[in-house]
Amino acid sequence: MKPRTNKFAWVAFGMLAIAIGFYPLLYILGGRDMGLLATKTEEVLGSIPWNIAFYGHIVFGGISLLLGWTQFSRELRRKYIKTHRNLGKVYVLSALISGACGIYLSFYATGGWITGLGFFLLGVFWIFLTLRAYTAIRAGDLTGHEAFMIYSYAACFAAVSLRIWMPILILIFGEFLTAYRIVAWLCWVPNLIFAFYWVRRRGLQLG
C-alpha cells in the first residue's frame, strides 16, 4: 500500500503544482483589476520596473512550479537523466529570476512591512537554497544536491500554499489585509519545516 500511497501523493502534489503553475495566465489574459493587482495604486501599476518584476516573478515562478515537481520522481531521473539535467537547469534559472523579482516586489507589498519582510525573506531563502543545490551538483555532491533541491522547491511551493491558506485566513479573520500579512509567512515557513523533516527522514547529508 505504501508505494500506491506515495504515488497518489506525488500525483496530487503534481496537480497542485500544475494548476498554480498555469495561474499566471489569468493575469496575462485577464484585466488589471483582478487578484492582487486590484490592491495596487495607479502609481505602482504604471511603474515599468514594477511591471517587469511582477510578470517576471509570476511567469518564471510558474515555470519553476511546472518543472520542479517532475524532478522528484526517481523513476524519471533514472530513465531520462539528460532530460532531468536540462530541466534542472531551466528550473534553477527560472527560480533565480522569479526569486529576484519577488525580492524587488516585496518593497511594494500590500499590507506594509510585515508582509514585505515575509516575502523578502522568502525570495532570499529561495535564491540561496537554489544556488546551494546547483553548487552541490557541480561539486558532485548528489545527496547535498537532492537535499537542497527539496528545500528550494519547498520555497517555490509557497505559491501553492499561499492560495490554499489565503481563503481559510480570510474566513477566520474576515478581511483581506490581516490574512495577507499572515500568509506572507505561513505560505513558506511551514514548507521549509516540512522539508527539514523530509530531508532528515531520507538521511540526506548537507555538505
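The values are calculated or read from the model by the stated rules, or taken from the named source; none is laboratory data. Everything numeric in this text was worked out from a predicted model, so none of it was measured. Reconstructed Cβ throughout: ideal geometry from the backbone, glycine too, with neighbour counts over all protein chains shown. Side chains included, ligands, DNA and RNA excluded: accessible areas come from the protein's heavy atoms. Shrake-Rupley method; radii C 1.70, N 1.55, O 1.52, S 1.80 Å.
Here's a check for you: in segment 76-88, which residue that is open to solvent by 100 Å² or more (accessible area, probe 1.4 Å) and charged (D, E, K, R) is nearest to the chain's Cα centre (by Cα)?
Arg85
Out of all the residues in segment 165-182, which are closer than 22 Å to Ala12 by Cα and in contact with a helix residue (DSSP H, G or I) (Cβ under 8 Å, 6 or more places away or on another chain)?
Those that are closer than 22 Å to Ala12 by Cα and in contact with a helix residue (DSSP H, G or I) (Cβ under 8 Å, 6 or more places away or on another chain): Trp165, Met166.
Under 8 Å by Cβ, and 6 or more places apart or on different chains, what pairs join a residue from segment 8-37 that is closer than 30 Å to Glu75 by Cβ with one that is at pLDDT below 75 and among the small types (Gly, Ala, Ser)?
Sorted first by the residue in segment 8-37, then by its partner, the pairs are Trp10/Ser73.
Residues in segment 104-115 that are assigned to a helix (DSSP H, G or I) and touching a residue at least 24 places away in the same chain (Cβ under 8 Å): how many?
4
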